[in-house]
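Asks: The structure under discussion is supplied below as structure tokens; questions concerning it will follow.
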């Protein structure tokens, strides 16, 4: 990212003193729809996707968007129309994908705790593949599929014990993580999968973590997975595809992740060198497609000076933007209108009654109550993890396409939150 550029540039940038998303002034959206407000750039999403598509040009490859990053229906439509499949981790996500117009054959089902009901629904929908994460799951899935008179297509998620060099909460490929089947147990698990009557082995899967900003963990994991492919196929178990998950990081502050096409040039070169370059490839990016495509617009409510800290209290909170509270994550916070005032160092905090309700620490801002800020890089793991804590309604969402702005989710009110609740007689 060049000096002075914002994450999400050129789709989020200042024109004069005003912050725009594509051709729309963010302040106009805030005035029209209120705050907190999530705003997304369609062009930013498609630009991120295009980098993967360039990287896979001429290859047998399919991109499955991991919708846990952001599962809003209109965003799923954007990716479906661009030719993506979808990686889901729950029955609810299955219903979202189908509601957005995807076919069952566009869907991969991951996750460590699939229920029998979810398995049946996915089989009914004709999904492309189950990414199985334990030997116990193999047994249950085979039983469910056999009872339905079918065979479930499966890929086993292998845990390669590779350090992704990321936050421990979003590391998924180490021995101590709950995900996947241990590398040393994988061959035995494949033998069992091939023998079960309700299963059809189709591939191998690996996903080592999220917000990965270096190439080396990917190369290490790829080598370990390819070693397993050779061992599995030497026993006569064919693997039609290799699924390499997702996890590529984005710019939140000063990170320098490789571009998706550059990353895949390196990985494809390694695949070619080991004789697997013609294999069907599948990947499951999430954050890297939507993270820098979103911002949360918020109003400054109060400025509260203190002996040790100055606080900038905004109307967005940890229920809207959970990443800082959960991961101590950094998001850039910038004014919607650049001013000439003297910056003051603030902790930017929300109204929720928790000391953990902070959005940014030690930020230099020249702001006054009533002015608007944008929390950047908020397209992933913000709205999809938002809650109603303190009976706060989840924000509205707007998708910008050039000079057009489409409301894709209306703001929740208290009535929306209480609709399913019942008072005692």
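No lab work stands behind these numbers, since they all come straight from the coordinates. None of the values given here were measured: they were computed from a predicted structure. Using ideal geometry, Cβ is built from the backbone for each residue, glycine included, and neighbour counts are taken over all protein chains shown.
Asks: Could you grab the relative contact order for the chain? Cα pairs under 8 Å, six or more apart, rounded to a whole percent.
Replies: Values: 937 pairs, mean separation 83.7, N = 425.
The normalised contact order for the chain reaches 20 percent.
Asks: What list do you get for 358, 264 if you sort them by fewest beta carbons within 10 Å? Please list the in-between numbers first.
Replies: Details: 358 19, 264 25.
Fewest to most other Cβ atoms nearby, the residues stand as 358, 264.
Asks: Now for a separate question. Which of 107, 408 comes first, and how do the rest follow, when ranked by fewest Cβ neighbours within 10 Å? Walk me through the intermediate numbers first.
Replies: On the way: 107 24, 408 17.
Fewest-to-most ranking of 107, 408: 408, 107.
Asks: With axes computed from alpha carbons, what is the tilt in degrees of helix 116-125 against the longest principal axis of the chain, rounded to the nearest 10 within 0 to 90?
Replies: 80
Asks: Using the Kirkwood formula on the Cα atoms of segment 1-140, what hydrodynamic radius do you get, in angstrom to one decimal? Don't skip to the answer; put the middle values down first.
Replies: On the way: mean 1/r = 0.0575 Å⁻¹.
One over the average 1/r among Cα pairs gives 17.4 Å for segment 1-140.
Asks: May I ask you to derive the FRET efficiency for residue 388 and residue 227 from their Cβ-Cβ distance with R0 = 45 Å, giving the value to the nearest 0.05?
Replies: Working: r = 47 Å, r/R0 = 1.04.
The formula returns an efficiency of 0.45 here.
Asks: Okay, next question. What ratio of Cα Rg to 2.2 N^0.38 Å holds for segment 110-285? The partial results should precede the final answer.
Replies: On the way: Rg = 16.3 Å, N = 176, 2.2 N^0.38 = 15.7 Å.
Ratio of Rg to 2.2 N^0.38 Å for segment 110-285: 1.04.
Asks: Convex hull over the alpha-carbon atoms of segment 219-328: what's its volume per residue in Å³?
Replies: On the way: hull volume 17.2 nm³, N = 110.
Value for segment 219-328: 157 Å³ per residue.
Asks: Now a separate question. Based on Cα coordinates alone, diagonalise the gyration tensor for the chain, multiply each eigenvalue by 5, take square roots, and list the semi-axes in whole Å, largest first. Working shown, then result.
Replies: Details: eigenvalues 323, 116, 77 Å².
Calculated on Cα positions only, the semi-axes equal 40, 24, 20 Å.
Asks: At 222 nm, what helix-only mean residue ellipticity would the chain give, in deg cm²/dmol to the nearest 500, using -39500 (n - 2.57) for each DSSP H run of four or more? Please report the intermediate quantities before stating the final value.
Replies: Working: 12 runs with 119 residues, N = 425.
Estimated from H runs of four or more residues: -8000 deg cm²/dmol.
Asks: What Kirkwood radius, in Å to one decimal, follows from the Cα pairs of segment 273-319? Walk me through the numbers before you get to the answer.
Replies: Working: mean 1/r = 0.0637 Å⁻¹.
Computed over Cα pairs of segment 273-319, the Kirkwood hydrodynamic radius comes out at 15.7 Å.
Asks: Where does each of 130, 20 land when they are ranked from fewest to most other beta-carbon atoms within 10 angstrom? Working shown, then result.
Replies: Details: 130 29, 20 19.
Ranked by crowding around the Cβ, least crowded first: 20, 130.
Asks: How big is the gap, in Å, between the Cα center of segment 345-409 and the Cα center of segment 210-285?
Replies: 34
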